Structures are given as structure tokens and as C-alpha cells.
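The values are calculated or read from the model by the stated rules, or taken from the named source; none is laboratory data. Keep in mind it's a predicted model, so treat the numbers as computed, not measured. Cβ atoms come from the backbone with ideal geometry, glycine included; neighbour counts cover every protein chain shown. Note: areas computed on protein heavy atoms with side chains; ligands, DNA, RNA excluded. Shrake-Rupley method; radii C 1.70, N 1.55, O 1.52, S 1.80 Å.
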Amino acid sequence: MGQFLGRRALHSGIALIGLILAVFFLVRLTGDPTDLYLPIDASLETRKEFAEKHGFDRPATEQFVVFLKDVSEGDLGYSLRKQRPAMELVLEAYPTTLALAGVAMSLSIILAVLVGAIGAYRPGGVFDRISSIASLAGASAPDFWVAITGILLFAVTFRWLPTSGTGDWPYWVLPIVVLMLRPFGLMVQVVRASMLGALASAYVKTARAKGVRETSVIFVHALRNACLSIVTVAGDLAVGLINGAVIVETVFGWPGVGKLMIDAVIQRDFPTVQATIMVTATAIFLMNIVIDLLYVALDPRIRHQ
Amino acid sequence: MSSAPILEVENLQIEFRTGRDTVHAVNGVSFQVESGETAAILGESGSGKSVTASAIMRLLQSPPAFVAGGSIRFKGQDILSLPISQWRDYCGREIAMVFQDALTSLNPVFSVGWQIAELFKAHGIAKGRDADNRAIELLERVGIPDPASRAKDYTHQFSGGMRQRVMIAMAIALGPDLLIADEPTTALDVTVQAQIMELLESLRQDSNMAMILITHDLSVVADVADNVAVMYAGRVVERGPVADVLGRPAHAYTLALLDSVPQARGKGSKLRPIVGSPPDLARIPKGCAFNPRCRFASDLCRNETPPIVEVTPGRTAECHHAEQVFNDG
Ligand SMILES: Nc1ncnc2c1ncn2[C@@H]1O[C@H](COP(=O)(O)OP(=O)(O)OP(=O)(O)O)[C@@H](O)[C@H]1O
Ligand SMILES: [Mg+2]
């Protein structure tokens, strides 16, 4: 187990270094930030000073060495835009994103398990057919389109919900619904498929022969087995949710990490881009570890290998 | 054998409606089980033994399975007309089942102790530690060494024989009056088979429980059963006390079955495998279903459904040539 986690950490470490390399050099291909941060008529002197202060005058490889040295000391640089440590900005934005993604993911899982399990209980029934079509539509609807349509319909036309920003619950409705579409839609299908298998299994027959109540048969005996494939997919979807958050946060002006990242890219705020990506990659790595551990906890056959 | 039978199956018909075809898996099965007796159901693969057992436990998935006719009475109660939730209260408590393949029939993600304890919880008999302790007692009773620590183990950590013991522990947990054992030993090594049969038989005797033993194995039937029902193509073709039926069959199929097994009929008799294969249950032959494979078959057999013949008191056979088979078989 420890060995497995060690190998996993090593692989992720290598991937993280590759990612940092790519990001570091790619953002520098987007152009010179000096043009964006100084007035057009700034003197050559001022420009030189700005470039020197942030190290942009040196070759990119040399900048990278300095960057690595700083990172090893826990310093991810200063945001060009906000004149504050980039890490601070990222850590400030993260709770908002995590709250949004966490609520969206939890709701998706709970609803998908209910809908998928009930659909699988009577395959081909009315509920199953409706939920299959709805989940397929949810999984394949483009989220930016749904987001904009949602805003136009519920915020502009009906004025039931605010258009953007954050605050109490009305602000959460649209972003969460849009963010849920894909994970919910895909998970209903996974839950349904694995519950179909589980409900047809011999151990479910045994449970019924023991006189176990039907709700227990479905939600204890069958679901506990179906969980194994649900967890795998839920893990992948949770990672994908970070991508979804970028779109949703941008469209809804949600002050999270996705918006921070997009703004930083647009404004060539290199240190902030690097910090968001490093923190996000680390978060994804940690999440994968949690999923592995969960998987081991759920399946005794793996646990005893 | 004085009181009413614990189980009466009458003219039971089960069909599977799949696509265009209707598979007639059970075509009018009738038999009874007296309390405390062991009744064997014998028959080739596909003859409808498991479907009959599942129908009694009401475990058939509908669709595709439909009860097309007949009745099942358990302790005088017509069970097919009971709401399913009410019938589930009987399951495990008064009637229980041991399945053929314990590996797939036990839940892989729960400890065996939990799975046994669940019976007490589901029926509101015991909970928590009490239920766990009763599960451990049961594991001990079915001969599992070190039961307290084994209760925490999972199915994949047990050998085939030990797994079947766990299944048996679950089945007898609440002291049912009728146990259905569907080929409880086919998945096991020969040496283990004997141990499991011995265990089942001793548990049965201890609690005076009735048992329906479904099997291919003639020697097991001869050893433990009181009565036997021989099934072919979804019908009970011959019924009666074991010694009589196996000693002197009255149905051509029973005779063929005995002739196809070494030593079933004593030394010197020749081995004669049954030619052909069982009929397609979507297209059962006219007349007697066994006629295409039968060495006694006549025109009568090919055209008319055989009547139920009472060979001797308490013994029946559905064969046009019952007398001939009985006398010179
Ligand atoms: N779900 C199903 N759908 C269609 N046909 C089925 C289904 N289940 C069983 N059958 C059919 O019912 C017939 C009887 O099956 P059953 O399992 O009762 O046989 P069996 O006598 O128990 O055989 P075995 O000794 O191999 O266990 C088989 O021919 C099978 O094709
Ligand atoms: Mg069978």
C-alpha cells in the first residue's frame, strides 16, 4: 500500500514538473507583460526598470532557474496585477471554488445515485426512459451555452435570479446547476449500468431469500457493489469539474480560482498563472490519492492483495 | 407424516417471455413435501429444477419470468397471492435456500459475519453485538474453525467448502422449517461434497427441518432423501419413495437416467448414456416430451400426452409404458 502510494507520488511529481515547465515557457510565448502594465507612452527607462524588476530582461531559461529556486523556498512570486504574493490570491480564491465545486459534486452524486438506481430497478420503465434521455441531454449540453441561456431566461427575462457575482443562495443556483449537468448526466448512466449488473447478481438473490427488505437490497447490497465503479467515475468527473469551474466562474463572475486563472492569463500575470496551476495540479494529485484510498476501503478484495 | 404437507406445489407453470419465443421452463409441476422429510428433485441440466426452486422463494425476475398457472402452498398459505413484502417475512425465517455457487451468492463487499447477522436484524430478532455474537455461534455450528475472527473475513478469503458452510449457516440461522438446497455441492471437490452433505443432513436432523434437495447425484439422493421427484422438460415425470423409484423405476426416463450412471443399479448392468439432448423448451415435442430419446417410444408416445399412472400406492409416473418399464426395466 505504502509502496503503491509512493509510486503514485513519484509519477505525479514527474508530471507536475513537466506541467510547470510547459506552463512557464508557454505563458511567456503569449507576449511581453510590460506592454500591458505600463502606459503606451512609458519611457524606455521605465520599461527597462519594470523588466529588470521582474526579471523579464534575462533569458527564459535563467528566469526558470530563479523561479525554481524561489519555489523551493515556498515563494511563488508576486502578482503583477495586484502587487501581492500570487499564492495569497490563489488561497483566497480557492475556498469559493471548492464550495461551488463541492456542492455541485455532492448534489450530482446523491441525485445520480437515486435516479440511476431507481432507473435500473425497472429497466425500460417510464422513469428509466425519461431519466436516460434527461441524463444524456445533461451530459452532452455545452455548458457555456446553458449558462448564457440560463442567465437570459432566469436572470434577465424572469428576474428570479441574479446575473452574476456571489452572495446568498440565489447567486448559487445557476452556477451550481450548470456545473452539475455533465457530472450528473454521466453519473446517472454509470450508476444505472453498474446497478443493473448488481441487481441481477446472485448475491442480490441471496439477500432476497434472506428476507431482506427491498430498499436494503437496492441501497445496501447492490449499491455498495456498484460504488466501486461509481467512485472511479466520480473521481474523474471531480477533476473535470475544475475545468468546468473556469467556464462557469467566468460566465457568472464568480470570484474563484477559475476566474483568477483566466484573468491572469489574459493579463499576462505570469506568477499568478503559475501559482494557480501549481496549486490546482497539487489539489488534483491529492484528490487522486483520496480516490485510490477510497477504492481500497470500498473493495476488500483489493485490500487483501 | 400425519399432518398436512409443509409445501404443496400444484400444476405450477412458469414461462420466460423473451423476444418472440416463450420458454416453457416449468410445465405443470406438482409435488409435496411433508414436514421433516427430505425430498429430492432429480433431473438433467435445464429440466427446470432451479426455476421451480426460485418460484417457490419468489425470486424470479418478472419480466421475463411469469407464473402462467398453478399454485404453491406453504403451511397451507397460498404464497403466490401474498404481497411480496409479506412473503419476504417468511423468507429466511420459515423457509430458506442454499444456492449452488457460494462464491457469487455471497456478497463480496461485506464480511461473512455481517451477512449472517443481517438475518437477525432484517427480521427484528437481534441487533448490534447480540446479532454479531449469534453469527459467530452459527459459524461455529457449521464447523468453521476460529469463528470469532473468521466472521470478520470476506468471501474471497474462504475456500469453496468453507464458503458453502457460510451459506448454510445463513440458511439455518433462524431455524426455518423448510430448506431448499439447490445443488449445494456441485461446485465443490468430491471429498468436500461428502462433508457438506453430512453437515446438511445432521443440521436437518437436529432441528427436524424439511429439505428439498436438488441434485444430479443419484448416490446422494439414495443416501439422504425420503422421496424423489424426477423432472424432465419442466415436468415431474416420476414421483415416489426413493428406494422404490431408484430400485425399480416406472418411467422410461428414470430408467435411462439410472442406466447412464455407473453403479446406480448394482454390478453387472451395462452403462448406457441417454442419446440425444433435452428438448428446446420453446418447442417441446408433441406427446411425451421424452419420446425422441426414448427406447420404448411408440406412436402413442409421439402423439398423446401420457396420463399420470399410479404405479403402486404413493408412486406415480407419467409414461405410456409405465407398466412395461416397471416390469421388465
Ligand atoms: N432468465 C431466463 N430467461 C430465459 N430462460 C430461462 C431463464 N432462466 C431459466 N431459463 C430456462 O429455463 C430452463 C430451466 O432452467 P433451470 O435453471 O431451472 O434448469 P436446472 O434444472 O436447474 O438445470 P441445472 O441442473 O443446469 O441447474 C432452462 O432451459 C433455461 O433455458
Ligand atoms: Mg439449476
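Observations on the model:
- Calculated Rg and Dmax of region B:135-248 using C-alpha coordinates, Å: 15.5, 50
- Shape call, region A:87-303: gyration tensor on alpha carbons, a/c limit 1.5: oblate
- Estimated FRET transfer efficiency when R0 is 56 angstrom, pair A:THR282-B:ALA282 (beta carbons, to 0.05): 0.35
- Sulfur and carbon atoms: percent of accessible area, region A:87-303 [1.4 Å]: 73 percent
- Accessible surface of region B:1-140, 1.4 Å probe, proportion on carbon and sulfur as whole %: 47 percent
- Residues of region A:190-220 that bury at least 30 Å² of accessible area once all protein chains are present, compared with their chain alone (1.4 Å probe, heavy atoms only, ligands and nucleic acids left out), are A:ALA202, A:TYR203, A:LYS205, A:THR206, A:ARG208, A:ALA209, A:LYS210, A:GLY211, A:VAL212, A:VAL220.
- Dipole of region A:149-220 computed with +1 at Lys/Arg Cβ and -1 at Asp/Glu Cβ about the Cα centre; of A:VAL204, A:GLY150, A:THR163, farthest Cα towards the positive end is A:VAL204.
- Once B binds A, the 1.4 Å probe can no longer reach about 2100 Å² of accessible area, counting both sides.
- For the protein assembly as shown, the mean projected area of the C-alpha convex hull, equal to one quarter of the hull surface, is 39.1 nm².
- Projecting the Cα atoms of B:ALA122, B:GLY240, B:VAL142 onto the charge dipole of chain B, computed from C-beta unit charges around the Cα centre, puts B:ALA122 farthest toward the positive end.
- Of A:ILE148, B:ILE14, the residue with the largest accessible area leads and the full order is A:ILE148, B:ILE14 (1.4 Å probe).
- The listed residues B:LEU203, A:LEU44 rank as A:LEU44, B:LEU203 when sorted by accessible area, largest first, using a 1.4 Å probe.
- Extension reserve of the A:VAL239-A:PHE64 stretch, reckoned as 0.36 nm per residue once the Cα distance is removed: 60.2 nm
- Placing +1 on the Cβ of every Lys and Arg and -1 on the Cβ of every Asp and Glu, with nothing else charged, gives chain A a dipole about its Cα centre of roughly 1680 debye.
- Cross-link reach list, lysines versus B:LYS286, counting only Cα pairs under 16 Å and skipping chain neighbours closer than eight places: none
- Label zone at A:GLN3 (point 7 Å along Cα-to-Cβ), backbone N below 17 Å, region A:274-305: A:302-305
- Mean residue ellipticity (222 nm) of chain A, computed from DSSP H runs ≥ 4 via -39,500 (n - 2.57), nearest 500: -25000 deg cm²/dmol
- Out-of-range pairs (alpha-carbon distance over 22 Å; input A:LYS82/A:LYS259; A:LYS53/A:LYS259; A:LYS48/A:LYS69; A:LYS210/B:LYS75; B:LYS49/B:LYS121): A:LYS53/A:LYS259; A:LYS48/A:LYS69; B:LYS49/B:LYS121
- GNM flexibility winner over chain A from A:PRO39, A:PRO170, A:PRO142 (Cα, springs under 10 Å): A:PRO39
- Euclidean distance of C-alpha centroids, region A:193-233 and region B:72-100, integer Å: 21 Å
- Computed label-point distance, nm, for sites B:LEU80 and A:LEU44 using a 7 Å Cα→Cβ extension: 10.2 nm
- Positive-pole candidate from A:VAL217, B:ILE308, B:ALA131, dipole of the protein assembly as shown, charges at beta carbon: B:ILE308
- Folded to 0 to 90 degrees: helix A:44-54 orientation relative to chain A principal axis, Cα: 40 degrees
- Anisotropy class of region A:2-72 from Cα gyration tensor, a/c 1.5 cut: prolate
- Gap separating the Cα centres of region B:101-148 and region B:276-316, nearest whole Å: 45 Å
- Of all the options A:GLN63, A:GLN189, A:GLN274, the one that moves most in a Gaussian network model of chain A with Cα springs shorter than 10 angstrom is A:GLN63.
- Residue-normalised accessible area of chain B, given per residue in Å² at a 1.4 Å probe: 44 Å²
- Positive minus negative residues near B:GLY234 (Lys, Arg vs Asp, Glu; Cβ under 13 Å): -1
- Rounded tilt (10° steps) of A:126-140 against the dominant C-alpha axis of chain A: 10 degrees
- A:TYR37 accessible area, 1.4 Å probe, all protein chains in place, Å² to nearest 10: 60 Å²
- Computed over chain A with a Gaussian network model linking Cα atoms closer than 10 Å, the most mobile of A:GLY211, A:GLY125, A:GLY116 is A:GLY211.
- Shielding of B:202-209 by partner chains, average beta-carbon count, 10 Å: 0
- In the distance distribution for chain B, Cα-Cα pairs more than 29 Å apart total 40 percent.
- Only helices enter this figure: runs of n ≥ 4 DSSP H residues, each worth -39500 (n - 2.57), summed and divided by the residues of chain B, yield -9500 deg cm²/dmol at 222 nm to the nearest 500.
- For region A:2-72, the carbon plus sulfur part of the accessible surface works out to 66%, probe radius 1.4 Å.
- Sparsely packed trypsin sites (Lys or Arg not before Pro) within region A:80-149, loop by DSSP, other Cβ within 10 Å at most 15: A:LYS82
- For chain B, the relative contact order is 20 percent, taking Cα pairs closer than 8 Å that sit 6 or more residues apart in sequence and dividing their mean separation by the residue count.
- The protein assembly as shown, dipole about Cα centre (Lys/Arg Cβ +1, Asp/Glu Cβ -1), debye to the nearest 20: 460 debye
- For B:ASP299, the accessible surface of its heavy atoms amounts to roughly 100 Å² (probe 1.4 Å, protein chains only, rounded to the nearest 10).
- Computed label-point distance, nm, for sites B:SER298 and B:GLN324 using a 7 Å Cα→Cβ extension: 0.5 nm
- Around A:GLY77: net Lys/Arg minus Asp/Glu count, Cβ-Cβ under 14 Å: +2
- Only beta bridges with both residues in the protein assembly as shown are counted; by DSSP, about 60 percent of them are antiparallel.
- Acute angle (nearest 10 degrees) that the helix A:86-121 long axis makes with the longest principal axis of chain A, alpha-carbon atoms: 20 degrees
- Protein heavy-atom accessible surface, 1.4 Å probe, per residue over chain A: 51 Å².
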